[in-house]
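Structure, as structure tokens:
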Amino acid sequence: MLFGGIEDDSFSTITSDAYLYDHKKRYSKKLPSMLMARYSFAFKKIGSRIYALGGGNSDPDGNLQFLDSCEYFDIDKQTWNPISNLPVPLTSSTALEVHKTLYLFGGIS
């Protein structure tokens, strides 16, 4: 799956687009967009959910900002849903799942 990212070199266009991508079959399908456009966010699949945590975005003037917002994609229902915010805005972190518990490590705040 492909989620979010930067559409140009100036960081002025951050996307919330989401795609299912199968490189073996050379197939892609547009999925519902994330609730928040973001780049450099942590993500992790646990069960039938894919979590998107923090990341970066830009304000209307093109200034970069870090995000504390989080959401998950319900694979079965094909919907994005908000969850609790991070305690601090964070980008470039890593997510890990251990025994169905989600952990977030590192990053820039």
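Quick look at the numbers
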{"read-out": "Hey, L53 in contact with a strand residue (DSSP E or B) (Cβ under 9 Å, 6 or more places away or on another chain), surrounded by fewer than 19 Cβ atoms within 10 Å (Cβ to Cβ) and modelled with pLDDT of 95 or more or not", "value": "no"}
{"read-out": "Residues that are in contact with a Leu (Cβ under 6 Å, 6 or more places away or on another chain) and among the basic types (K, R), drawn from the range 45-78", "value": "none"}
{"read-out": "Subset of the range 31-48 (residues that are in a strand (DSSP E or B) and in contact with a strand residue (DSSP E or B) (Cβ under 6 Å, 6 or more places away or on another chain))", "value": "L31, Y39, A42, F43, K44, I46"}
{"read-out": "Answer residue from the range 60-109, given it is at positive phi and of a type outside the set (S, T, N, Q) and is surrounded by the most Cβ atoms within 10 Å (Cβ to Cβ) among those", "value": "G107"}
{"read-out": "Qualifying residue in the range 26-40 (condition: within 15 Å of M1 (Cβ to Cβ), out of contact with any Ser or Thr (no Cβ under 9 Å at 6 or more places or on another chain), loosely packed, with under 13 Cβ neighbours inside 10 Å and basic (K, R))", "value": "yes"}
{"read-out": "Candidate set from the range 57-78 (those that are of a type in the set (G, A, S) and modelled with pLDDT under 95); member that is nearest to M1 (Cα to Cα)", "value": "S58"}
{"read-out": "Residue list for the range 79-105, filter: in a loop (DSSP other than H, G, I, E, B) and at pLDDT 95 or above", "value": "S84, N85, L86, P87, V88, P89, L90, S92, S93"}
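The values are calculated or read from the model by the stated rules, or taken from the named source; none is laboratory data. Values in this document were obtained by computation on a predicted structure and should not be read as measured data. As a convention, Cβ positions derive from the backbone with ideal geometry for all residues, glycine included, and neighbour counts pool all protein chains shown.
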